[in-house]
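Participant: Dropping the structure in here first, questions after.
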Amino acid sequence: MLGKLMKYEFKATYRIFLPFFAGILVMAGFAKIFFLVNDYFDNIVTNVFFGLITALYVFAVGAVAILPAIISFYRFYKNLVTDEGYLSFTLPVTPMQHIMCKFITSMIWCLTGFAVTFLSIAILLAGDDTLPMIIRSFFLNLQMIAQSGDVSLWFLVIEIICVIINSFLSAFAVYYLCIAIGQMLFKNKLLGSFAVFGIYYVATQLLSTVIAVPLFFVVESAAGADASEIIMHVIFTVYALYYLALFLVGIFVTNHIFKKKLNLA
């Protein structure tokens with residue numbers, strides 16, 4: 001049944017995302033064309049068009065970072081905790097399947113957005129050594145950090161990837177949890193969701209400060225000369241586990257609330 005839910009979710013969202021992603025690639029292509037033309041016909045007309053298309057492209061790429069998340073949270077809220085929830089929860093599926101449907105489709109659209117962004121940048125920089133130089137510089141810097149810590153480059157890359165992936169997953173799970181708590185505690189469910197998120201944000205910032213500062217001094221005093229390298233790995237490990245815990249708590253507590261405390265009134 002999860003597969004059928006995802007099928008309908010994709011049908012409801014592809015009308016937004018596919019034209020948007022296609023538009024980014026088209027704008028990247030036009031920006032590249034105007035860039036090449038501008039090299040041969042440097043005049044005010046080509047400069048204006050190049051500036052306009054570049055500004056639109058930058059705006060669209062910036063929107064890629066937030067549009068999938070906004071659409072995901074809006075559809076989660078609208079489909080599950082408003083009047084549409086009456087229909088959603090009469091289907092022969094569990095609350096966890098509803099949650100995972102929204103979560104998985106959101107992840108797929110986010111990853112598609114990142115892939116489209118990378119492809120559009122590759123179009124803009126086609127025939128140029130800039131992109132390969134950026135990639136090489138990135139891995140050279142990682143290799144220097146790995147060598148300073150006497151660890152494998154790929155071990156460091158895996159640590160960074162784990163932190164990024166877990167933080168990405170936990171962000172969606174926490175937002176879903178804020179919506180679930182907001183609909184349970186407040187009459188205005190939308191404002192309640194924002195209020196819960198605000199409380200969560202302040203609390204986690206304070207908690208991070210309370211934990212991070214003593215942890216830094218404890219590890220530094222215990223590690224001695226190798227403190228910087230050990231601190232780096234401890235920070236990566238702690239944050240990877242922290243974000244993983246947030247993800248699990250967010251998903252399972254949201255599922256529990258929808259099972260026991262769902263308020264569609």
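Participant: When residues of region 8-41 are filtered for being under 22 Å from the mean Cα position of the chain (by Cα) and over 15 Å from ALA126 (Cβ atoms), how many remain?
Facilitator: Applying the first criterion (under 22 Å from the mean Cα position of the chain (by Cα)) to region 8-41 yields 9-25.
Within this subset, residues satisfying the condition of being over 15 Å from ALA126 (Cβ atoms) are 9-24.
Residues in region 8-41 being under 22 Å from the mean Cα position of the chain (by Cα) and over 15 Å from ALA126 (Cβ atoms): 16 in total.
Participant: Moving to a separate point now. Test of understanding: among VAL45, VAL26, which residue is modelled with pLDDT under 85 and part of a helix (DSSP H, G or I)?
Facilitator: Numbers: VAL26 fails: modelled with pLDDT under 85.
Only one candidate passes the filter, namely VAL45.
Participant: Which of the residues that make up region 245-262 are among the small types (Gly, Ala, Ser) and surrounded by fewer than 20 Cβ atoms within 10 Å (Cβ to Cβ)?
Facilitator: At the first step, the residues of region 245-262 found to be among the small types (Gly, Ala, Ser) are 245, 250.
Within region 245-262, just ALA245 meets the criteria.
Participant: Go over the candidates THR117, THR112, THR82 one by one and state the one that is closer than 22 Å to PHE247 by Cβ, in contact (Cβ under 8 Å) with a residue 40 or more places away in the chain and among the polar types (S, T, N, Q). Walk me through how you get there before you give the answer.
Facilitator: Values: THR117 fails: closer than 22 Å to PHE247 by Cβ; THR82 fails: closer than 22 Å to PHE247 by Cβ.
Testing whether each residue is closer than 22 Å to PHE247 by Cβ, in contact (Cβ under 8 Å) with a residue 40 or more places away in the chain and among the polar types (S, T, N, Q) leaves just THR112.
Participant: If only one of LYS4, LYS102, LYS32, LYS11 is basic (Lys, Arg), touching a residue at least 12 places away in the same chain (Cβ under 8 Å) and under 30 Å from LEU177 (Cβ atoms), which one is it? Before the answer, list the steps.
Facilitator: Values: LYS4 fails: touching a residue at least 12 places away in the same chain (Cβ under 8 Å); LYS32 fails: under 30 Å from LEU177 (Cβ atoms); LYS11 fails: touching a residue at least 12 places away in the same chain (Cβ under 8 Å).
None of the others qualify; the one that does is LYS102.
Participant: With PHE17, PHE35 as the choices, which residue is among the hydrophobic types (A, V, I, L, M, F, W, C), at pLDDT below 85 and surrounded by 14 or more Cβ atoms within 10 Å (Cβ to Cβ)? So that I can check it myself, show each step before the final result.
Facilitator: Numbers: PHE17 fails: at pLDDT below 85.
After ruling out the rest, the residue left standing is PHE35.
Participant: Same structure again: Mind listing whichever residues of region 79-124 are small (Gly, Ala, Ser) and not in a helix (DSSP H, G or I)? Lay out the reasoning, then the answer.
Facilitator: Filtering region 79-124 down to residues small (Gly, Ala, Ser) leaves 85, 88, 106, 113, 115, 120, 122.
Result: no residue meets the conditions.
Participant: So, one more: How about region 75-94: which of its residues are touching a Leu at 6+ places or on another chain (Cβ under 8 Å) and either among the aromatic types (Phe, Trp, Tyr) or surrounded by 14 or more Cβ atoms within 10 Å (Cβ to Cβ) (or both)?
Facilitator: TYR77, VAL81, THR82, GLY85, TYR86, SER88, PHE89, VAL93
The values are calculated or read from the model by the stated rules, or taken from the named source; none is laboratory data. Given the structure is predicted, the values throughout are model-derived calculations rather than measurements. Note: ideal-geometry Cβ built from the backbone for every residue, glycine included; neighbour counts use all protein chains shown.
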